[in-house]
Amino acid sequence: MFFLDKNEFCSVIKNSPLVSIDLVVKNSRGEILLGKRINRPAKGYWFVPGGRILKDESISQAFSRITKIELGVEISLERANFLGPYEHFYTDNFFGDEFSTHYVALGYEVELNLTCEQLPEQQHDHYRWFTLKEILTATDIHKHSKWYV
């Protein structure tokens, strides 16, 4: 598995869909963890944690890597409930708004009790636990995250 340099990654985003894993993390109270995105696309919105699957990386390997990076704790795919595939379309991309981004996101639900203070801040600069009602009614939660609930 490997990461692409900026020019190669731009070309991939511009010309093909990205495959990712989105994590619907629920605590024992049924609340869902969202983070405030600091990168495009969906910058500034509350969004579920997640990340891209890398070339030559199995879904299981990606799931373990993404949970470690996004949640600070490595979780095996066997602990998750598969919610299904989702398509996310954005008018912008990680680098700007010259072209769109298309994700095929594999949604997985896990139950995990974490404190927001222990979470890494790579893709999100704030975290918060939301109730189902808050997710459905808030205007600053991205529609793609609302789809999971």
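Throughout, read-outs are computed from the coordinates displayed, never taken from laboratory work. Predicted model, so just to flag it, every value in this text is computed and none were measured. Note that each Cβ is placed from the backbone with ideal geometry, even for glycine, and that neighbours are counted across all protein chains shown.
What to note about this one:
- Mean Cβ count within 10 Å, highest first, over the residues of peptides 34-45, 83-94: 34-45, 83-94
- Our coupling estimate for the stretch 81-96, obtained by passing each phi through the Karplus curve with A = 6.51, B = -1.76, C = 1.60 and θ = phi - 60°, is 9, 6, 8, x, x, 9, 10, 10, 10, 10, 7, 10, 9, 3, 9, x Hz, Gly and Pro reported as x.
- Subset of K43/K133; K43/K68; K6/K143; K55/K143; K36/K146 violating a 24 Å alpha-carbon distance limit: K6/K143; K55/K143
- Percent antiparallel among DSSP beta bridges (both partners in the chain, rounded to 5): 70
- Against the main long axis of the alpha-carbon atoms of the chain, helix 6-15 sits at an angle near 80°.
- When the helices of the chain are scored as -39500 (n - 2.57) per DSSP H run of n ≥ 4 and the total is divided over every residue, the value at 222 nm lands at -6000 deg cm²/dmol.
- Dividing the mean sequence gap of close Cα pairs (under 8 Å, 6+ apart) by how many residues the chain holds gives a relative contact order of 33 percent.
- Cα-projected label distance for F94 with K143, points at 7 Å along beta-carbon direction, nm: 2.5
- Cα gyration tensor category, rounded, prolate or oblate, for the stretch 61-149 with a/c compared to 1.5: rounded
- Axis angle, to the nearest 10 degrees, between helix 59-71 and the longest C-alpha principal axis of the chain: 60 degrees.
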